[in-house]
Amino acid sequence: MSIHSTSIESCLACMTACERCLTDCIETNREVCADMCRDCADICALTARMQARNSTFKADISALCELVCSACAEVCEEHAMHGDSCRTCAEACRQCALVCNVVAEECM
């Protein structure tokens, strides 16, 4: 499997984990975590689409996705004791950040 396919899959897995975490965070009034998960889910979805179509901006969006995923992972790790969704989200964000970093560096 190519790094681009892996990256798309990682972005989609992260988006899904963020959406699940977002829902749990809204239900339990963890607003900072919810806001970060919303941003991360959106950037992951956009990154997956732009990578899939081999966008000219693939490196730039991948670098931004790495930044947002890393920030989201930090916030979710702070809330991991509150539930599995935050722990799972943090793990998915870390994986996505790693893969997006590789794509960004490869494309520059």
Legend entry - Hits in the stretch 86-107 (condition: in contact with a Cys (Cβ under 6 Å, 6 or more places away or on another chain) and either buried (at least 24 other Cβ atoms within 10 Å of the Cβ) or outside any helix (DSSP H, G or I) (or both)): 86, 89, 92, 93, 96, 100
Inset, instruction - Being assigned to a helix (DSSP H, G or I), farther than 18 Å from residue 81 by Cα and not hydroxyl-bearing (Ser, Thr, Tyr) is the filter here, so list the residues in the stretch 1-18 that pass it. - result: 3, 4, 8, 9, 11, 12, 13, 14, 15
Legend entry - Unique match (being under 9 Å from the mean Cα position of the chain (by Cα) and under 29 Å from residue 106 (Cα atoms)) among 70, 2: 70
Legend entry - Verdict on residue 18 being under 10 Å from the mean Cα position of the chain (by Cα) and in contact (Cβ under 8 Å) with a residue 60 or more places away in the chain: yes
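I need a count of the residues in the stretch 24-34 that are surrounded by fewer than 17 Cβ atoms within 10 Å (Cβ to Cβ) and touching a residue at least 12 places away in the same chain (Cβ under 8 Å).
Restricting attention to the stretch 24-34, the residues satisfying the condition of being surrounded by fewer than 17 Cβ atoms within 10 Å (Cβ to Cβ) are 26-29, 31-32.
Now drop any that are not touching a residue at least 12 places away in the same chain (Cβ under 8 Å), which leaves 28, 32.
Residues in the stretch 24-34 being surrounded by fewer than 17 Cβ atoms within 10 Å (Cβ to Cβ) and touching a residue at least 12 places away in the same chain (Cβ under 8 Å): 2 in total.
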Inset, instruction - Tell me, please, whether a residue that is at pLDDT below 95 and not in a helix (DSSP H, G or I) can be found in the stretch 29-45. - result: yes
Inset, instruction - Give me the pairs, please: first residue somewhere in the stretch 58-85 and touching a residue at least 12 places away in the same chain (Cβ under 8 Å) and part of a helix (DSSP H, G or I), second residue anywhere and crowded, with 22+ Cβ neighbours inside 10 Å and of a type in the set (D, E, K, R), beta-carbon distance under 8 Å, and either six or more positions apart or on two chains. - result: 82/30
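The values are calculated or read from the model by the stated rules, or taken from the named source; none is laboratory data. All values reported here derive from a predicted model rather than from experimental measurement. We place every Cβ from the backbone using ideal geometry, glycine too, and count neighbours over all the protein chains shown.
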